[in-house]
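Rule-based calculations on the coordinates, nothing more; no lab input. Everything numeric here is computed off the predicted structure, so don't read it as measured data. Virtual Cβ from ideal backbone geometry, glycine too; neighbours counted across all protein chains shown.
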Amino acid sequence: MSKLTKQLIEKQIQKQVEPLESQSSGQTWHSVCRMSDLIQDAGVCALINDKQIALFNIKRQGKVYAVSNFDPIGKANVMYRGIIGSVQDEPVIASPLYKQQFSLTSGRCLQEQDKALHTFDVRINEDTVQVFL
Amino acid sequence: MLEKRKIVIVGNGMVGHHFVEQVIEQQKAQHNKQQSLQPLEVTVLSAESRLAYDRVHLSEFFSGKTADDLAMTTPKTYHSWDVNFRTNAKVEHIDRQFNVVKTVTGETFSYDKLILATGSYPFVPPIPGHKQPHCLVYRTIEDLHAIERSAKSSKVGVVIGGGLLGLEAANAIKQLGLETHVVEFAPQLMAVQVDAGGGQLLRSKIESLGVQVHTSKVTQNIGKGEQCRYQLQFADGEVLETDMILFSAGIRPYDELAKMADLAVGERGGVVINNLCQTSDPSIYAIGECALWQNFIFGLVAPGYSMAKVAAKHIFSDFYASADVTEFTGADLSTKLKLMGVDVGSIGDAHGKTPGSLACIFEDQPNSVYKKIVISEDKTRLLGAVLVGDNSEYDTLLQYMLNDIDLPETPEALILPKSEGEVSLGASALPDTATICSCHNVSKGDIVAALDDGCTDLGEIKSCTKASTGCGGCAALVKNVFEEELQSRGVSVKQDICEHFPYSRRQLFDLIKVEKIKTFDELLEKHGSGLGCEVCKPTTASILASIYNDYILDKFHLPLQDSNDNFLANLQKDGTYSVVPRIPGGEVTPEKLIVIGQVAQKYDLYTKITGGQRIDMFGARVEQLPLIWQELIDAGFETGHAYGKSVRTVKSCVGSTWCRFGVQDSLNMALDLENRYKGLRSPHKLKFAVSGCTRECAEAQSKDIGVIATENGWNLYVCGNGGMRPRHADLFATDLDDKTLLQYIDRILIFYTQTADRLQRTSVWLENLEGGLDYLKQVIIDDSLGLSKEMETQMENIVGKYQCEWKTTLEDPIAMKRFKAFVNCEEQDENIVFVKEREQIRPAKDVEKLERIAVVVDP
C-alpha cells in the first residue's frame, strides 16, 4: 500500500469517527440524556451530530467528563468501556483494548505523547446532561 | 557515503559469538554518542554447519536437549543485527598483505580487523590403533551424533582421560546405557582441580554410580578384542575390553591458520596474544581457546568471554577513538559443577601451592563429603578450596577469595556442617566490585545499577545484565543479591500494587477479609488514595469475588471490572465481542450444538472451536450480547467465564465409559470439578483437565490442576501451564479417592487465591512459594498451618453462591444499561465493518473500509 493511500485511509476513517476542527464554527450545547442515564464511576457513549462521545460520571468529584470515543491507538470506538482512574490526581480513562491512559481533562495520552482524545465541555442543566460541540 | 569498516571473525563457537555480541553492544553505545558513525560490516565465517551453540551444556544433549535448545543464536538474530555469516566456510588462507581471507568455498573477504576465534580440538594421543572407527572424541554436536550411532552397536564404552571433560563424556555414554569405564594416566581423577583427598572421594562416589575407574594406567595399544570390539592394552600388562573409545585427553588449539600466516605461535601451540588480545600482527586478534596468553591456554569459557570483550573494545577505540580500552589480565579458574549428580567445586589455589599456606580439611565419609580450604600464612585470606559431594559453600568461599574479604576468626567454620556454627556470607556483605557472574563478568554493582535503572524482577535482571546466563552456576547468588538489595530498599515499596494503595495483592486480600470490606469505595476510603486505576480496581473486584462471590456487575462492582468482565464477553480488536457458553467437560448434546449453530447463524457470528473443548462465537456487537445470551440461556446454556480471571474449563477424555483403556470415569470427574469450581475468581485464569488413564489424552500435566486416573483412584498434578512459558505440572498426591481429591483441590485453590500476586499463574506462584512443592504439601496435606477447615468452608461458601452471571445480568436493569451502543439513540457503531473470508465474517481492514466508504460516498 502506498504512503499516500495510507494517509487517505487514515483521513477518511478519522472523518467518520472524530469531530473535525473545521466544523467548530457552529458549536452549541447539545442535550444528551438525564443524569440517571449515566453510570456512576463508569462510562456510556452518546451519538451527537454523528460523533461518538464517551461520558464519564465520577462520583467522588461530582463531575462528568466528555471525550471522543475513538481509541486512536487501538483504532476502535471503545473508550467508554474503559476503567476510570487517576494518575497523581489527574483523572484518566484507560483504554479497554491496550490499557493506555488518557487524561480526562486534556485528552492527552500518558504513554504515547503524540496521541490524544478530543475533550468536550459538559454541563448539567436541571438534571439534563449537555455537551458542547 | 562513508566507507565501511570491516571486521571478519573466523570461528563461531561460544567465544566467537560472544565477540559478535560485544561488537553489537559497542556499536549501540557509539550510536548513542555520535550521530553519524562510519558504518561497520561484520562477517562471521564458521567451519561448522551450524551457528554458535552451548558446548558447556553439551552432555544435556543426551538427556533430551536438542541442537536447537543448545543454540546460542539463530540466522534470524544475526540478520536482525546486520551480521553477515557463512557456515561450512572454513577459512584456509589469510593474506596479510592485502588484508583478505579466503574460505574453502572459494569466497574471499577483506578485513580491517580480523578475529581468530577458531577454538581447539580434542587431543588424541598417538596410541597405535587410535584411528579405528569406534574411536571417537567429545566436542561438537556432530561428535555426539557419532557417539549415539556407535552406542547402538556397543555394550561397553571407555573414556580415556579422567579430567573434567572426561567425566562429562563418561556421564554421556552412561546415559546411553553402556557399561562405562574411565581410564586415567594420573593417580587420581580431575587432578587439575581437585587434591588427592578430594580425588579419592570423587572416585568412590563415581564408582558407586556404576562407572569403573582405572587410574595410573598408560594405554600402549588398542588391539582387537575377544568379547568386545577392541582391547586396551596397558603398560602394566593389564587389559580392558571395550566396544567404543572416547578420547578426552585435553585440548589443542586450532592454530594452523595462524601458523600459515606466519603469526607468532607458542612452542606447544596457541596463537600468541598480548594484553589487548592482539597477535603479532596488530590488526589480527585471537580470543578463546586458540589464544596463548603468557604461555597459557584457557580451556574455560569465562576467560574467553573476557578476551572477546577486551578485543571488541580495543577495535572500537581504534575505529572511533572514543571507547574505553581494557586489558586482559588473566582469569580466575575456579569451577563448580555437578558430575553425574556429584557436586565438585574447585577454587583458586586448590592444591595449596602458595608458600606458607595452611589447609583445613573436613571429611565425612559416611555421607561422602570432602571439603578443604587453603588459607594464607597469617590466616586472614582464603587462597583456595576443594569441595566434593557438597557445593553449598562454593559461592561464599569464592567471594572470600575473589574479593580478599577478611576471614572469620575460625575459618574452619566455613566448611563445618551448619549445626556446628554457621558462618555464611550474605550478599549484603559483598563489596560492589564483587564478581557475581564470572562467565559474563557481572559485578554486584552491575546488578545494583540494573535495579536502579528500573529492573523489577529477576528475569529482567538476568536479561539486562546477562548474569547467570552463561554456565548458570551463580543463579542462586544472583537471586540472593537481588533479594537482599530489594530488602534493603524496603520491599514493600516494590510490591505496592499501584500508586493508590501501599499494599501488595496479598496484603489487600487480608485487609478486605479481616475488616470485612465489601466495596472498593470503602477500601479506598480506609486504605488508599486518588480514584484508583485499571490495576487496583480489577484486583479488588477479583478479591471481593474470591471472598464473597457476589454478583460482579452490581452497582458497586461494575465500575471495577476489566473490559471483558464488564461486558461478560471477550473484547476483540474492532470493539466487538466473542461469546463462549460453558460446555462442561467438552460434553454437548446434538440439540445444544444445533442451538449454538442457530444463534451463530442468526447473528452472523464467526465460530471456532477453542483449545478448551468449547465453541467461541465472534463478532457480536455490544447491543447484541443480551439478545444472544437470552437465546443461549433459554436453551439451557450458562456463561463460560471465558472473559474472567477465573476457572475456565475442565478438559477431559471419555474415560472408562467408552475408551478401551480408561481405568476411571474421567468425564464424570471432569463434570463434577467444572460444576464445583466454575466461576471461581482467582488472581489469574485457571485451567483443569482430567485424563482417564496414563495415556493422558486430556493433557492434564499442562494444567493448573491436572487429574489422571490410576487403577486405585486419582493422581493429582498441580501448577502446570501452557502459554508463553510452558511448565509441566508437579505430581502432588497419588491414588486419591474422590472425596480427598476434591478436598485437596479446594484447599489448594483457596490458598492460591489468598496468597498469589495479581496476574500470577499457579506455576509462578509455586516457584515463588518459599519451600516450594514440599511446603505446599505440608500446608494442604499435613495441615501445617491449621487452615484446612477454614479453607474448605471458604470454598463451600463460594460454591454455594454460584450464579450464572449472564442470567443475573439479563434480569438487572442497571447492568443492562451498558449493553447499548449509545445512551441517547438506537443507532449502531458504523466503524464496525465485516467482510467474508472462508464463508465466515472477519473484521474489515482499513483499506477495505475505505472501499466501502468510497462506494457509499460515490454511488
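Each helix, a run of at least 4 DSSP H residues, gives -39500 (n - 2.57); summed and divided by the residues of chain B, these come to -9500 deg cm²/dmol at 222 nm. In the calculated pair-distance distribution of the stretch B:599-736, the portion above 25 angstrom amounts to 34 percent of the Cα-Cα pairs. The mean of 1/r over all pairs of different alpha-carbon atoms in the stretch B:1-85, once inverted, gives a Kirkwood hydrodynamic radius of 14.2 Å.
Can you give the extra length, in nm with one decimal, that the chain gains between B:E811 and B:E107 once fully stretched, where that is 0.36 nm per residue apart less the Cα-Cα distance?
On the way: separation 704, 0.36 × 704 = 253.44 nm, distance 7.70 nm.
Working it through step by step, the gained length comes to 245.7 nm.
Across the options B:T410, B:F834, B:M244, the greatest Cα extent toward the positive end of the charge dipole of the protein assembly as shown (unit charges at beta carbon of Lys, Arg, Asp, Glu) belongs to B:F834.
Select from the stretch B:336-417 those GluC sites (Glu not before Pro) which occupy a DSSP coil region and have at most 14 other Cβ atoms within 10 Å, ordered by residue number. For GluC sites (Glu not before Pro) across the stretch B:336-417 that sit outside H, G, I, E and B with at most 14 neighbouring Cβ atoms in 10 Å, the list reads B:E377, B:E409.
For B:V442, nonlocal amide neighbours, meaning residues 5 or more places apart or on other chains whose placed amide H falls under 5 Å from its own, are B:I436, B:C437.
The C-alpha atoms of chain B define a longest principal axis, and helix B:164-175 lies at about 50 degrees to it.
How many percent of DSSP beta bridges within chain B run antiparallel, rounded to 5? Provide the component values of the computation, followed by the final result.
Numbers: 75 of 119 bridges.
Of the beta bridges lying entirely in chain B, close to 65 percent run antiparallel.
Close amide H contacts of B:G250 (hydrogens built in the peptide plane, cut-off under 5 Å, sequence separation of 5 or more or a different chain): B:F123.
With Cα atoms as the point set, the radius of gyration and Dmax of the protein assembly as shown evaluate to 34.5, 112 Å.
With no solvent and one equal point scatterer placed on each C-alpha of the stretch B:522-633, evaluate the Debye formula and give log10 I(q)/I(0) for q = 0.16, 0.19, 0.21 Å⁻¹, two decimals. Here the Debye-derived log intensity ratios amount to -0.83, -1.03, -1.14. Between B:A844 and B:V833, B:F834, B:V835, the built amide H atoms are under 5 Å apart, and every one of these is 5 or more places off in sequence or on another chain. Applied to the stretch A:70-80, the Karplus parametrisation 6.51 cos²θ - 1.76 cosθ + 1.60 on θ = phi - 60° returns per-residue 3J(HN,Hα) values of 7, 7, x, 9, x, 6, 8, 7, 9, 4, 5 Hz, with x for Gly and Pro. Counted over the stretch B:572-709, the DSSP beta bridges are approximately 55% antiparallel.
Using alpha carbons only, what's the Rg to Rh ratio of chain B with Rh from Kirkwood? Answer for chain B: 1.03. Here the stretch B:50-76 is scanned for amide nitrogen atoms under 12 Å from the site 7 Å beyond the Cα of B:N88 along Cα-to-Cβ, giving B:50. Report the calculated FRET efficiency for B:E267 and B:D452 (r = Cβ-Cβ distance, R0 = 45 Å), to the nearest 0.05. Step by step, r from the Cβ atoms, then E = 0.35.
Distance between the pseudo-spin-label points of A:D114 and B:K801 (7 Å out from Cα toward the beta carbon): 4.9 nm.
Rounded to the nearest 20 debye, what is the charge dipole size of the stretch B:714-859 about its Cα centre when +1 sits on each Lys and Arg Cβ and -1 on each Asp and Glu Cβ? Don't skip to the answer; put the middle values down first.
Values: 19 positive and 27 negative charges, 60 e Å.
Computed about the Cα centre, the dipole is about 280 debye.
Within the same chain, aspartates and glutamates fewer than 8 places from B:K131 are excluded, and of the rest, those with a Cα less than 16 Å from its Cα are B:D143, B:D243. For the set B:K76/B:K174; A:K99/B:K849; B:K513/B:K678, the pairs lying more than 32 angstrom apart at their alpha carbons are B:K76/B:K174. For the pair A:Q40 and B:E826, how long in nm is the line joining their label points, each one 7 Å along Cα→Cβ? For A:Q40 paired with B:E826, the spin-label model returns 3.1 nm. Report the number of Lys pairs in the stretch B:692-848 whose alpha-carbons are under 16 Å apart, with separation of 8 or more residues or on distinct chains. Lysine pairs meeting the criterion: 4.
How about the stretch B:762-852: which chymotrypsin sites (Phe, Trp or Tyr not before Pro) there are in a DSSP loop, with at most 15 other Cβ atoms within 10 Å of their Cβ?
Hits after loop and neighbour filter: B:Y802.
Spin-label model, B:S216/B:D364: points 7 Å from Cα along the beta carbon direction are separated by 3.1 nm. Of all DSSP beta bridges confined to the protein assembly as shown, the antiparallel ones make up roughly 70%.
Rounded to the nearest 0.05, the FRET efficiency derived from the C-beta distance between B:D378 and B:F234 at R0 = 41 Å is 0.30. Note on chain B: dipole from Cβ charges, positive end direction compared against B:S334, B:A733, B:A291; the farthest Cα belongs to B:A291.
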